[in-house]
1. Pairs, please: C-beta under 9 Å, at least 6 apart or cross-chain, first residue at positive phi and in the range 108-122, second within 13 Å of the ligand (Cβ to nearest atom)?
2. Is it true that some residue in the range 131-142 is loosely packed, with under 14 Cβ neighbours inside 10 Å, at pLDDT 95 or above, more than 11 Å from the ligand (Cβ to nearest atom) and within 22 Å of Phe178 (Cβ to Cβ)?
3. Do we find that Glu40 is of a type in the set (D, E, K, R), at pLDDT 95 or above and either part of a loop (DSSP other than H, G, I, E, B) or over 13 Å from Ile87 (Cα atoms) (or both) in this structure?
4. Report yes if Val110 is more than 15 Å from the ligand (Cβ to nearest atom) and buried (at least 20 other Cβ atoms within 10 Å of the Cβ), otherwise no.
5. Would you point out which residue out of Gln95, Gln64, Gln104, Gln70 is at pLDDT 95 or above, of a type outside the set (Ser, Thr, Tyr), on the phi < 0 side of the Ramachandran plot and away from the ligand (no atom under 16 Å from the Cβ)?
6. Across the range 153-167, what is the total count of residues that are surrounded by 14 or more Cβ atoms within 10 Å (Cβ to Cβ) and without any contact (Cβ under 8 Å) to a residue 60 or more places away in the chain?
Amino acid sequence: MSSEVLVEKKKLAKPPLNVHFLGDRILRQPAKRVVHVDAELRQLIREMLQTMYSSEGIGLAAPQVGVHKQLLVIDYEIDNPARPPLILINPTIKQVSRDTCVIQEGCLSVPNVFLDVKRPSAIEVQYKDEYGRPQKLSADDILARVIQHEMDHLNGILFVDRVENSLMLKQELAKQGFSTQAVKTIV
Ligand code: NI
């Protein structure tokens, strides 16, 4: 990780980018592969990180800020200033574990809604870093979960689409003023 994309992990009064919410069709559009990993993209990465830290999120996908590029920023240790964030460009999952686990997920595009989702426990992912260098990563636990959640965004899928408990889903969405019609159930 070079300092070029590093930003301070703090809340900004006015984050540089706007996050789109469930119900906004922009979230349902699939993202395109990034062709040029350049200074312009790294500026977008910085702004995505600042926006993510401002909302205390642990991951943000470019489509959530209306940019249809295959780009994710992840940092599940936002309280640890020494830990650099993870930047994934054009990620592809090379392997998934057969065993699954249930973890409660949330999403900056569905604020204040937290629900159980079942996904594979471990994955192997290939991607490019912020300098276009090919990278490979084996992840389990929370990191595997965040990567899978964020990669769904690149295909226009939101975690609420994967919630199996439809009653809880309805209740929690209603509490936050979201319409269940915005959900595209795939389980
Ligand atoms: Ni999300």
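1. Asn112/Gly106
2. Within the range 131-142, not a single residue is loosely packed, with under 14 Cβ neighbours inside 10 Å, at pLDDT 95 or above, more than 11 Å from the ligand (Cβ to nearest atom) and within 22 Å of Phe178 (Cβ to Cβ).
3. For Glu40, the condition - of a type in the set (D, E, K, R), at pLDDT 95 or above and either part of a loop (DSSP other than H, G, I, E, B) or over 13 Å from Ile87 (Cα atoms) (or both) - is met.
4. Taking the combined requirement at face value, the residue does not satisfy it.
5. Details: Gln64 fails: away from the ligand (no atom under 16 Å from the Cβ); Gln104 fails: away from the ligand (no atom under 16 Å from the Cβ); Gln70 fails: away from the ligand (no atom under 16 Å from the Cβ).
Gln95 is the lone residue from the list that is at pLDDT 95 or above, of a type outside the set (Ser, Thr, Tyr), on the phi < 0 side of the Ramachandran plot and away from the ligand (no atom under 16 Å from the Cβ).
6. Residues meeting the conditions: 5.
The values are calculated or read from the model by the stated rules, or taken from the named source; none is laboratory data. Owing to the predicted nature of the structure, the values given are computational and were not obtained by experimental measurement. Heads up, the Cβs are rebuilt from the backbone with ideal geometry, glycines too, and the neighbour counts pull from every protein chain shown.
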